[in-house]
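Please read the structure below before turning to the comments.
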Amino acid sequence: MIELSPGAAEAGTDKAGTLIGEEDSSEALETAYRAALDSAVRSLSQREHGRRELAQKLRRKGHPAILIDRVLDYLAEHDLQCDGRFAESFVYSRVQRGYGPIKIRQELGARGVAEGDLEAALTLTDEEWRAVAARVLERKFDGKPLDREDWATQARFLARRGFPSDVIYGLLGSQSDG
């Protein structure tokens, strides 16, 4: 049984968000809660989700806002949803795809991950980021830049992928070296 604040059952909503009568409210809220919880668990069984991302997904599916927070609190309390775990999984995925720390940080921030979880997940050293950037460059380009134009093209490519300038310069050298 879900716990609601006094008077919340009388002012409950059904899945479509419309008010429901007093006699059916407890049963309808329980049913709506179970539906929202099932939907959230199904989403989490596919991959990790951040709290904000999961809330948006539940809202899009039409679950009542009053229940979404309760479902998310339940999931967090039972360690089924964790922003830290989501951030670690997300960072791993993006690093495997060849993205740098700037882009990953921006994407996690847009997904509502707290700064502490974000910092804990971005644990690669500068050398490891340089190795990721080198791998991405190797897949995209034939080798070291031959002239300034090649250098600028490769540098822009790495910058768009989210690598900081010190990694780019460390990998490509200065423009005068090319």
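In the complete set of protein chains, residue-level accessible area for Asp69 is approximately 90 Å², probe 1.4 angstrom.
If you sort Ile68, Ile102 by accessible surface, 1.4 Å probe, largest first, the order is Ile102, Ile68. Calculated on the alpha-carbon coordinates, the convex hull of the stretch 60-162 measures out at 125 cubic angstrom per residue. For the stretch 40-83, applying the loop criterion from DSSP together with a ceiling of 14 other beta carbons within 10 Å to the trypsin sites (Lys or Arg not before Pro) yields Arg47, Lys61. With only Cα atoms counted, the stretch 77-137 has Rg and Dmax values of 12.1, 43 Å.
The values are calculated or read from the model by the stated rules, or taken from the named source; none is laboratory data. Quick caveat: nothing in here was measured; it's all calculated off a predicted structure. Counting neighbours? That spans all protein chains shown, and the Cβs are built from the backbone with ideal geometry, glycine included. These accessible areas exclude ligands, DNA and RNA; they are computed on the full protein's heavy atoms, side chains included. Shrake-Rupley method; radii C 1.70, N 1.55, O 1.52, S 1.80 Å.
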